[in-house]
Amino acid sequence: MPTEKDFALDRELLIRRFGRAAGTYDDVSVLAREVARRMDERLDYIRLAPKRILDLGCGTGADFDALGKRFPSAMRVGIDFALPMLERARGERGLLGRLRAFGRPAVPSLVCADAASLPIARASMSLVWSNLTLNWLTDPLPALRELHRVLEVDGMLMFSSLGPDTLKELRDALPQAYGERVHRFLDMHDVGDALVAAGFSDPVMDMEVLTLTYGDLDELLRDLRLSGSTNASTARPRGLAGKSGWATARTALDTLRREGRLPATFEIVQGHAWKAQPKVTDDGRAVMRFQPRKPAG
């Protein structure tokens, strides 16, 4: 099992960065939109009619429309730890905005909160949707326990996360002597272990690799910066790598060009899991269920 120091992230830094990125995130969120599309396709094969949906790490609210279209009668709640993201998600609140929303699913409720401490009642949600959020947590287990708490029995968690091969080209190209400039990501097996430890049952997970291409290194770094997705490790180097370090990286990356474009790998872990009937109460007592006896004859 990886040590905590390998994955420790600076939460306050992440909040500031995603807050600053609120105005530019949607312009560079190609990866998040593609992953959301694939998550939505998975729902085609799952029988589910949720009454209440929680979008954890909703950002600017880009996934609300798809969730509202699929489940038009469901109440939607969005939670994010960056308030400027929620302000973007809120959109138009005036008369014109209300008129445009007439006949559509109810406007989602928005809450600024931490994933490990949700201001949501126990067993109040039918579906939790989390698109590329768990990878921004040092340890996903506390958040997964909270998601298990807020889900009703037979409720489902559907999520995606980044795996350890994400940005491997950039990680390998940057000289290690200057420190690690791409932070680490948990692999699928560690996420699966955390799901089970949090109380979820029947987890189904898989991994796939998506590759985006860029004209040059500066274009890749720009997209990472504008989306708030730069290195947030507490062990990240504070100084610059210097001209020689970046020159070495550019040279190494140029050898990887495909049809003139630089590839950037993103390992995507996707999965879902269920909240089953509890076997013990919160204080540890076993739960015993009795079925009524069928009448004789």
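The values are calculated or read from the model by the stated rules, or taken from the named source; none is laboratory data. What you see is a predicted model; the values in this text were computed from it and never measured. As a convention, Cβ positions derive from the backbone with ideal geometry for all residues, glycine included, and neighbour counts pool all protein chains shown.
Just to be sure, is ALA247 among the aliphatic types (A, V, I, L, M), surrounded by fewer than 18 Cβ atoms within 10 Å (Cβ to Cβ), outside any loop (DSSP other than H, G, I, E, B) and at pLDDT below 95?
Considered against the rule, which asks whether it is among the aliphatic types (A, V, I, L, M), surrounded by fewer than 18 Cβ atoms within 10 Å (Cβ to Cβ), outside any loop (DSSP other than H, G, I, E, B) and at pLDDT below 95, ALA247 comes out as yes.
Applying the selection to segment 116-139, what residues are assigned to a loop (DSSP other than H, G, I, E, B) and over 22 Å from ARG38 (Cα atoms)?
Correct list: ALA116, LEU118, PRO119, ILE120, ALA121, ARG122, ALA123, SER124, LEU137, THR138, ASP139.
Take the residues of segment 28-53 that are farther than 17 Å from GLY271 by Cβ and either touching a helix residue (DSSP H, G or I) at 6+ places or on another chain (Cβ under 7 Å) or free of Cβ contacts under 8 Å to residues at least 12 places away in the same chain (or both): which is surrounded by the most Cβ atoms within 10 Å (Cβ to Cβ)?
It comes out as ILE53.
Could you please let me know if GLY78 is at pLDDT below 95 and either over 21 Å from the mean Cα position of the chain (by Cα) or not polar (S, T, N, Q) (or both)?
In short, no.
So which of LEU144, LEU151 ends up being touching a Phe, Trp or Tyr at 6+ places or on another chain (Cβ under 8 Å), surrounded by 21 or more Cβ atoms within 10 Å (Cβ to Cβ), of a type outside the set (Lys, Arg) and farther than 30 Å from ALA252 by Cα?
LEU144
Inspect all residues belonging to segment 161-183 and state whether any of them is in a strand (DSSP E or B) and either closer than 24 Å to ALA21 by Cα or under 20 Å from the mean Cα position of the chain (by Cα) (or both).
Taking every residue of segment 161-183 in turn, at least one turns out to be in a strand (DSSP E or B) and either closer than 24 Å to ALA21 by Cα or under 20 Å from the mean Cα position of the chain (by Cα) (or both).
Among residues belonging to segment 187-232 that are assigned to a strand (DSSP E or B) and within 17 Å of the chain's Cα centre (by Cα), point out the one that is surrounded by the fewest Cβ atoms within 10 Å (Cβ to Cβ).
If we take residues in segment 187-232 being assigned to a strand (DSSP E or B) and within 17 Å of the chain's Cα centre (by Cα), then ASP206 is surrounded by the fewest Cβ atoms within 10 Å (Cβ to Cβ).
Could you figure out which of (1) within 17 Å of LEU253 (Cα to Cα); (2) among the hydrophobic types (A, V, I, L, M, F, W, C); (3) touching a Gly at 6+ places or on another chain (Cβ under 7 Å) isn't true of VAL204?
With (1) within 17 Å of LEU253 (Cα to Cα); (2) among the hydrophobic types (A, V, I, L, M, F, W, C); (3) touching a Gly at 6+ places or on another chain (Cβ under 7 Å) applied to VAL204, the lone miss is (1).
Can you name the condition, by its number, that THR255 falls short on among (1) among the hydroxyl-bearing types (Ser, Thr, Tyr); (2) loosely packed, with under 13 Cβ neighbours inside 10 Å; (3) in contact (Cβ under 8 Å) with a residue 12 or more places away in the chain?
Of (1) among the hydroxyl-bearing types (Ser, Thr, Tyr); (2) loosely packed, with under 13 Cβ neighbours inside 10 Å; (3) in contact (Cβ under 8 Å) with a residue 12 or more places away in the chain, only one is false for THR255: (3).
Can you tell me which of (1) under 20 Å from GLU146 (Cβ atoms); (2) in contact with a Phe, Trp or Tyr (Cβ under 9 Å, 6 or more places away or on another chain); (3) not aliphatic (A, V, I, L, M) is the one ARG52 doesn't meet?
(2)
Out of segment 54-67, which residues are touching a residue at least 40 places away in the same chain (Cβ under 8 Å), out of contact with any helix residue (DSSP H, G or I) (no Cβ under 6 Å at 6 or more places or on another chain) and either surrounded by fewer than 22 Cβ atoms within 10 Å (Cβ to Cβ) or not hydrophobic (A, V, I, L, M, F, W, C) (or both)?
ASP55, GLY57, PHE64
Please tell me if ARG184 is over 29 Å from ILE53 (Cα atoms), touching a helix residue (DSSP H, G or I) at 6+ places or on another chain (Cβ under 7 Å) and at pLDDT below 95.
Criteria met by ARG184.
Please find, among ASP40, ASP27, ASP65, the residue that is of a type in the set (D, E, K, R) and in contact with a Lys or Arg (Cβ under 8 Å, 6 or more places away or on another chain).
ASP40
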